[in-house]
Amino acid sequence: MTEAPRHPAPPPPGGVLWSLAGDVRGLLMLPSALALQVAHPAVGAGVDEHSVFRTDPWGRAERSLRSLQLWVYGGEAAAEEGRRLRRLHRAIRGTDARGRPYHALDPAFYAWVHATGFPVHRHAARYLFRPMTEEQERRFYAEWLQVGRILGIRDRDMPQTIEEFWPYYRKVLADEIETTAVVRDLLATDVPLPPPDRGPLPVRLLLRLLWPLLWPRVARFRAFAIAGFLPPEAREAIGVEWSDAQERALRRLARVVRAVVPALPERLRYLPLAREARRAHRLSRAAHPAR
């Protein structure tokens with residue numbers, strides 16, 4: 001197998017990721033991917049001990065979302081973002097809950113963090129968009145591998161086909177995944193979280209005033225969405241319960257989301273970097289129609 005190129009390019013415009021990653025519906029999927037990442041003891045320990053997700057949750061979320069958008073829509077900035085993330089993770093090391101040493105850039109752990117995005121997006125897309133065809137799944141996985149190269153993940157450290165991915169995925173679920181402290185925090189409905197500190201001042205002030213009433217509802221919805229958009233086999237591995245009533249509620253929510261979001265204007269439907277990239281792509285095609 002080949003090694004990652006020195007300057008890997010982001011996934012192509014018009015691809016599966018191009019449509020998924022910038023759509024606001026993707027925001028509903030991301031907490032589930034995070035939960036599956038930190039359900040690995042080594043990853044969970046790294047986040048628990050080194051992340052600011054408890055002290056600066058909104059800032060961390062904003063930075064993580066911008067980073068993800070750069071991988072897909074960043075053009076030449078995508079590779080630099082991948083290098084920045086590797087520099088950031090060099091000092092993240094310690095001992096996990098099982099007493100094993102870990103380092104954030106250990107190929108197995110670093111690859112797992114990236115790998116989780118594929119099964120979570122594949123599962124959630126069935127609800128929020130539409131089920132992928134076999135061809136779309138293969139394209140999506142190939143594009144996800146390309147993003148992995150941007151992050152510095154070598155081809156030899158990630159399964160290179162879908163057929164190779166599923167046995168790898170099931171083995172990690174069976175051998176490693178558990179309800180870590182970070183997973184418990186993400187699913188908790190009684191752990192306080194400060195009100196959002198991003199956005200226009202009037203909105204922040206209003207949220208600060210109403211937060212004691214809003215947060216319990218937000219926490220319950222977060223736990224519901226995390227559990228719902230986790231693939232069933234990941235849910236089982238982590239030990240998250242899911243009832244028929246919850247499944248019906250998720251399907252009702254998904255029907256509303258599928259009806260409402262596609263009708264939104266582009267400035268509301270797509271995240272900022274995605275909007276800019278889509279606009280630049282349209283202008284380029286208009287200027288060079290033969291390409």
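When only alpha-carbon atoms are used, what values of Rg and Dmax, in angstrom, describe segment 1-117?
14.9, 45
Tell me the Kirkwood hydrodynamic radius of segment 148-238 in angstroms, computed as one over the mean inverse distance between distinct C-alpha pairs. Before the final figure, lay out each step's value.
Values: mean 1/r = 0.0609 Å⁻¹.
After inverting the mean inverse Cα-Cα distance, the result is 16.4 Å.
Ordering H281, H40 by how much accessible area each has at a 1.4 Å probe, largest first, what is the list? Please list the in-between numbers first.
Values: H281 60, H40 10 Å².
Greatest to least solvent exposure: H281, H40.
Assuming R0 = 25 Å, can you tell me the calculated FRET efficiency for the pair E163 and H103, based on Cβ-Cβ distance, to the nearest 0.05? Spell out each step's value before the answer.
Numbers: r = 30 Å, r/R0 = 1.19.
For R0 = 25 Å, the calculated efficiency reads 0.25.
Between L268 and L213, what is the FRET efficiency for a Förster distance of 30 Å, r being their Cβ-Cβ separation, to the nearest 0.05? Working shown, then result.
Values: r = 25 Å, r/R0 = 0.85.
The value I calculate is 0.75.
Report the gain in length on full extension from R248 to R84: 0.36 nm times residue separation, minus Cα-Cα distance, nm rounded to one decimal.
Working: separation 164, 0.36 × 164 = 59.04 nm, distance 4.19 nm.
Full-extension gain reported as 54.9 nm.
Can you give me the % of accessible surface on the chain that is carbon or sulfur? Probe 1.4 Å, all protein chains present, nothing else counted. Intermediate results must be reported in sequence, preceding the final value.
Numbers: 8890 of 15460 Å².
Taking all protein chains in place, the chain shows 57 percent carbon and sulfur surface.
Report the one residue of P131, P195, Q246 whose Cα lies farthest in the direction of the positive end of the charge dipole of the chain (charges on C-beta: Lys and Arg +1, Asp and Glu -1; origin at the Cα centre).
P195
List every DSSP H helix in the chain whose Cα atoms extend 27 Å or more along the helix's own long axis and whose mean Kyte-Doolittle hydropathy is at least 0.5. Spell out each step's value before the answer.
On the way: long enough: 201-229 (33 Å, 1.01).
The answer, listed by residue number, is 201-229.
Cα convex hull of segment 194-291: how many Å³ per residue?
Values: hull volume 18.5 nm³, N = 98.
Dividing the Cα hull volume of segment 194-291 by its residues yields 189 Å³.
Sorted by accessible area (1.4 Å probe), largest first, how do V172, V256 line up?
Numbers: V172 20, V256 85 Å².
Order by accessible area, largest first: V256, V172.
Multiplying the sequence separation of V260 and T133 by 0.36 nm and subtracting their Cα-Cα distance, what value in nm do you get?
Numbers: separation 127, 0.36 × 127 = 45.72 nm, distance 2.30 nm.
Result: 43.4 nm gained on full extension.
Suppose all protein chains stay in the model; what accessible area per residue would a 1.4 Å probe give for segment 66-185, in Å²?
Accessible area per residue: 47 Å².
Which value, in debye to the nearest 20, describes the size of the charge dipole of segment 152-291 about its Cα centre when Lys and Arg Cβ atoms bear +1, Asp and Glu Cβ atoms bear -1, and nothing else is charged?
Working: 25 positive and 17 negative charges, 255 e Å.
For segment 152-291, the charge dipole is close to 1220 debye.
Can you tell me how much longer the chain between R220 and L27 gets when fully stretched, taken as 0.36 nm per residue apart minus their C-alpha distance, in nm with one decimal? Numbers along the way, then the final one.
Numbers: separation 193, 0.36 × 193 = 69.48 nm, distance 1.62 nm.
The span from R220 to L27 would gain 67.9 nm if fully extended.
Looking at the P(r) of the chain, how many percent of alpha-carbon pairs lie beyond 32 Å?
Details: 10464 of 42195 pairs.
When every Cα pair of the chain is considered, 25 percent fall beyond 32 Å.
Any idea what Rg and Dmax come out to for segment 96-148 if you just take the C-alpha atoms, in Å?
14.5, 42
Just to confirm my numbers, what's the Cα centroid distance between segment 24-72 and segment 111-140 in Å?
Answer, in whole Å: 18.
If I take R0 = 25 Å and measure r between the Cβ atoms of R184 and A9 in this structure, what FRET efficiency does the formula 1/(1 + (r/R0)^6) give, to the nearest 0.05? Write down the numbers at each step before the final one.
Working: r = 39 Å, r/R0 = 1.56.
FRET efficiency, R184 to A9: 0.05.
Write down the radius of gyration of segment 61-202 and its Dmax, each obtained from C-alpha positions, in Å.
Considering segment 61-202 through its Cα atoms, Rg and Dmax are 17.1, 51 Å.
When all protein chains stay in place, what accessible area (Å², nearest 10, 1.4 Å probe) is found for S19?
Surface accessible to solvent at S19 totals approximately 60 Å².
The values are calculated or read from the model by the stated rules, or taken from the named source; none is laboratory data. Nothing here was measured: the structure is a model prediction, and the numbers come from that model. When we count neighbours, we look across all protein chains shown, and the Cβ atoms used for this are built from the backbone with ideal geometry, even at glycine. We work out accessible area using only protein heavy atoms, side chains counted, and drop any ligands, DNA or RNA first. Shrake-Rupley method; radii C 1.70, N 1.55, O 1.52, S 1.80 Å.
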